[in-house]
Amino acid sequence: MGQVGFDHGRGQPDAALVMAARFGEPHGFGLLFERYRPQLHAIALSMLGYTGDAEDAVHDTFLTALARLDGLRDPAAVGGWLHSILRNHCLMALRRRRPCAGPAETERAFRELADEERIESRIESRDLRDWVWAALAHLPEMQRATVMLRYFGSSPGYEQIAAILGVPVGTVRSRLSDAKIRLSELLLASAGLPDREHQKLVAERLAFYTEEYRSLQHGGKERVLAHYAKDLDIAFAGGPRGIGRHLFGEAIDEDVGAGVRHEPVRALASANVTVLEADFVNPPENPFHCPPSFAVVLVHGERQVRVMRVHTSERPPRLEE
């Protein structure tokens with residue numbers, strides 16, 4: 001059980017995919033984004049928690065990187081470049097949570113917005129524009145209008161978009177959140193994704209961890225723990241961090257002892273990183289024992305998982321009896 005045999009296949013070099021995208025071959029950027037999406041998602045989770053903001057930041061990164069691809073000086077350094085864009089979007093999300101930002105933070109935010117205002121001209125200058133607009137045309141009308149105003153117009157502010165469309169700011173936010181996910185999925189699909197090898201990798205990891213979690217209900221704890229290194233670096237967001245897979249075993253004992261089940265629903269996988277999203281299924285007699293869902297980031301070593309980060313969703317408010 002210690003040797004899982006996951007394929008960490010490297011595929012084409014990053015630089016080759018960047019150059020393919022620059023020459024109007026959209027599959028290059030699509031494959032590149034799929035390659036880095038698990039890492040980007042893991043960073044977003046660490047900065048923003050397991051919330052919709054983390055997912056939004058990843059999709060914002062996708063759209064921003066698409067617009068700025070011609071400005072990337074070193075195609076081989078695209079990984080660090082994507083991480084930098086993501087961190088900026090995460091900082092913007094954190095700023096929105098803290099309205100009273102300092103002068104430096106505010107100035108940086110305005111620079112980011114100014115960059116977004118120039119997205120239209122940057123996309124129009126490249127062969128990728130037809131790819132972008134073809135995908136955009138598949139969005140519902142009001143989502144399309146919202147996205148066009150946000151990313152391709154001269155008034156990117158949520159309040160300004162709300163005023164133009166005559167809807168509440170909350171509606172603008174929800175439309176953008178849904179639209180960004182759909183748009184990035186459409187762009188990836190139009191790029192020839194999902195790639196067969198990548199799709200196989202994701203399916204294998206989701207099936208593997210689904211079976212692992214199911215086995216916990218039938219005394220399979222030791223089998224599951226064997227998949228993790230003895231000196232596992234494990235941390236629970238907002239909680240303890242330590243070394244040793246026995247800490248994961250203790251968390252398993254607590255959940256299983258309380259009658260809680262874990263049901264994986266989605267996996268992101270690339271090379272030696274897996275992001276697994278799952279639901280907690282609490283027993284009827286104790287429906288609030290665990291939050292509704294969680295995401296776990298796993299970094300695979302040569303034979304076993306060596307790093308584990310657990311992020312849980314917010315607990316729903318309890319109704320007063």
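The values are calculated or read from the model by the stated rules, or taken from the named source; none is laboratory data. What you see is a predicted model, and the numbers here were worked out from it, not measured in a lab. In this analysis, Cβ positions are derived from the backbone assuming ideal geometry, glycine residues included, and neighbour counts consider all displayed protein chains. Surface areas here come from the heavy atoms of the whole protein model, side chains and all, with no ligands, DNA or RNA. Shrake-Rupley method; radii C 1.70, N 1.55, O 1.52, S 1.80 Å.
Some observations on this one:
- The modelled label-to-label distance between residue 211 and residue 289, using points 7 Å beyond Cα along the C-beta direction, is 2.6 nm.
- Solvent exposure of the range 201-321 as accessible area per residue, Å², 1.4 Å probe: 52
- Multiplying the residue separation of residue 174 and residue 200 by 0.36 nm and subtracting their alpha-carbon distance yields 6.2 nm.
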